[in-house]
Amino acid sequence: MFTIITGAQFGDEGKGKIVDLISDKYDLVVRFQGGDNAGHTVKVGDTTYKLHLIPSGFLLDSRVLIGPGTVLNPQSLAQEIEMLAKGGIHIGPDKLGIDAKTSIIMPYHIELDGLKESSRAEKIGTTKKGIGFAYIDKVARDEIRLADLTDEGKFRARLEELATQKENMIRELGGDPSVVLDNKYIDLYIKLGQMFAPYMTDVSFEINKALEEGKNVLAEGAQGTHLDVIHGTQKFVTSSSTIAGSACANLGVGPTKVDNVLGIVKAYITRVGEGPLPTELKDDIGKQLQQVGREFGTTTGRVRRCGWFDLPILKKAVYLNGYTELALTKLDVLSNIHPLKVCVGYELKGKFIEYPPELTTDLGMCVPVYEELTGWSEDLTHVRQFSDLPDATRRYVSYLEEKIGVQIKYISVGPGREQTFTK
Ligand code: GDP
Ligand code: IMO
Ligand code: MG
């Protein structure tokens, strides 16, 4: 079985939690795009893990893989492995495989990301992790791959070949080019290359072999559908393809192998960084969602903007991903809001539309049209089955399910593993 999970909105839908929850059914859990701009939270008992690169299935028996379509900051990965080791979890080469072709995020990528963002009149609000510039180099065929990093001679030669270009780019943006050939980090990167050499693998081969043997593979998306570099709200997007089809292309698995596509959907909507969010709430309800939902970025700590559930955004996510089922998270956060509103369409240039306009500037001009639903005041965090939810909550869930047109399979009412049930 091959399952793909993606975020249906703008990221932080609770992908980490759901991946952890279901990964006991899988033999391999694999990240296929993005880098350490992602922040996926897994909570087990009193322990909370914040993962940026290691797939969220790491706690269960599954082997976890980082595919060649990701961009990898080896320093971040080493820190993550160290953090887990402190908690007694050993992530060795038998547990984690990283594709030899994975692009390495270099310190100059991070420098360029920061400089470029400062120079923009209209900001994107990137995580400043160097993601965009690492992908530019992948496409330009100027990347340093994991296989290069693990071979000191190759690494030094590649860096020398690229140095002038990178120095010039930094200079042009008013930065200090000395970072490009700084020995301090070159030595560190060589050490990291040696550390990760035993982890190198051919991810496409591992996955296809596993599927051939009847094993189960779970592809874990990062970011969210509307941050997709092609189909998202450009320019306010990330630099990779975040939708389900991207898993096949980035992992080297044929589309005929996909069995199901699970969309992770927050019971309201959030966005971190710039870009349109038609249902954004700048009032007390927005603050309530932020505080009750603890809507602060897992990677950058920035406050996430919050808004009402947006059906047009979901409809588009269903089209782009071909979801076969959904997980609805953070339902508990909606307690004590009366009434609840759901956006069913937008007013744009005097017309009512039920599907997002293609261009970001038009989406920015959309005025949401809402339907009101009865709220509830009960605390949901102790509920363990659908039938125990208050009537109004069940109506909210069924209303969303009917409007979206895809089955809601999982419902989540808290960050813990136990706070999830099937509908
Ligand atoms: P991801 O990037 O999609 O993996 O999501 P994040 O981990 O960045 O953000 C989701 C946050 O919500 C994390 O802090 C989770 O622990 C938390 N969370 C997940 N599901 C629920 C839920 O059902 N209710 C509440 N209150 N918190 C949740
Ligand atoms: P997870 O996987 C939410 C956003 C950034 C910024 C834009 C571009 O935890 O859901 P980048 O650094 O990627 O060039 O920034 O994308 N962004 C995310 N927002 N969740 C994420 O990941 C994100 N990763 C990037 O805030 O607006
Ligand atoms: Mg996150």
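The values are calculated or read from the model by the stated rules, or taken from the named source; none is laboratory data. Note that the coordinates shown come from a computational prediction; the quantities given were computed from them, not determined experimentally. Note: ideal-geometry Cβ built from the backbone for every residue, glycine included; neighbour counts use all protein chains shown.
Tabulated results
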{"read-out": "Number of positions in segment 300-317 that are out of contact with any strand residue (DSSP E or B) (no Cβ under 8 Å at 6 or more places or on another chain) and within 16 Å of ligand 1 (Cβ to nearest atom)", "value": "2"}
{"read-out": "Residues of segment 261-302 that turn out to be β-branched (Val, Ile, Thr) and modelled with pLDDT under 95, as a count", "value": "3"}
{"read-out": "Scope segment 197-243; condition aliphatic (A, V, I, L, M) and in a loop (DSSP other than H, G, I, E, B); matching residues", "value": "222, 229, 230, 237, 243"}
{"read-out": "Whichever residue in segment 281-296 is buried (at least 17 other Cβ atoms within 10 Å of the Cβ) and not hydrophobic (A, V, I, L, M, F, W, C) and, among such residues, is nearest to ligand 3 (Cβ to nearest atom)", "value": "295"}
{"read-out": "Candidate set from segment 340-355 (those that are hydrophobic (A, V, I, L, M, F, W, C) and more than 26 Å from the chain's Cα centre (by Cα)); member that is nearest to ligand 3 (Cβ to nearest atom)", "value": "340"}
{"read-out": "Some residue of segment 340-354 being among the small types (Gly, Ala, Ser), buried (at least 18 other Cβ atoms within 10 Å of the Cβ) and under 27 Å from residue 230 (Cα atoms)", "value": "yes"}
{"read-out": "Cβ pairs under 7 Å, 6+ apart, first in segment 1-23 and part of a strand (DSSP E or B), second charged (D, E, K, R)", "value": "2/257; 2/259; 3/259; 5/15; 5/220; 7/13; 7/15"}
{"read-out": "Unique residue being more than 16 Å from ligand 2 (Cβ to nearest atom) and either surrounded by 22 or more Cβ atoms within 10 Å (Cβ to Cβ) or within 26 Å of residue 237 (Cβ to Cβ) (or both) when the list is 61, 46, 99, 94", "value": "99"}
{"read-out": "Within segment 36-54, tally of residues that are closer than 26 Å to residue 133 by Cβ and within 11 Å of ligand 1 (Cβ to nearest atom)", "value": "7"}
{"read-out": "Members of segment 304-315 that are within 23 Å of residue 126 (Cβ to Cβ) and either of a type in the set (Lys, Arg) or touching a Lys or Arg at 6+ places or on another chain (Cβ under 6 Å) (or both)", "value": "304, 305"}
{"read-out": "Candidates 313, 337 - the one that is farther than 18 Å from residue 10 by Cβ, more than 15 Å from ligand 3 (Cβ to nearest atom) and at pLDDT 95 or above", "value": "337"}
{"read-out": "Scope segment 380-417; condition farther than 19 Å from residue 341 by Cα and surrounded by fewer than 15 Cβ atoms within 10 Å (Cβ to Cβ); matching residues", "value": "381, 382, 384, 385, 387, 388, 407"}
{"read-out": "Lone qualifier among 130, 114 - being at positive phi and at pLDDT 95 or above", "value": "130"}
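Results for (1) closer than 20 Å to residue 374 by Cβ; (2) part of a loop (DSSP other than H, G, I, E, B), shown as yes or no for each residue.
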residue: 289; (1), (2): yes, no
residue: 294; (1), (2): no, yes
residue: 319; (1), (2): no, no
residue: 326; (1), (2): no, no
residue: 333; (1), (2): yes, no
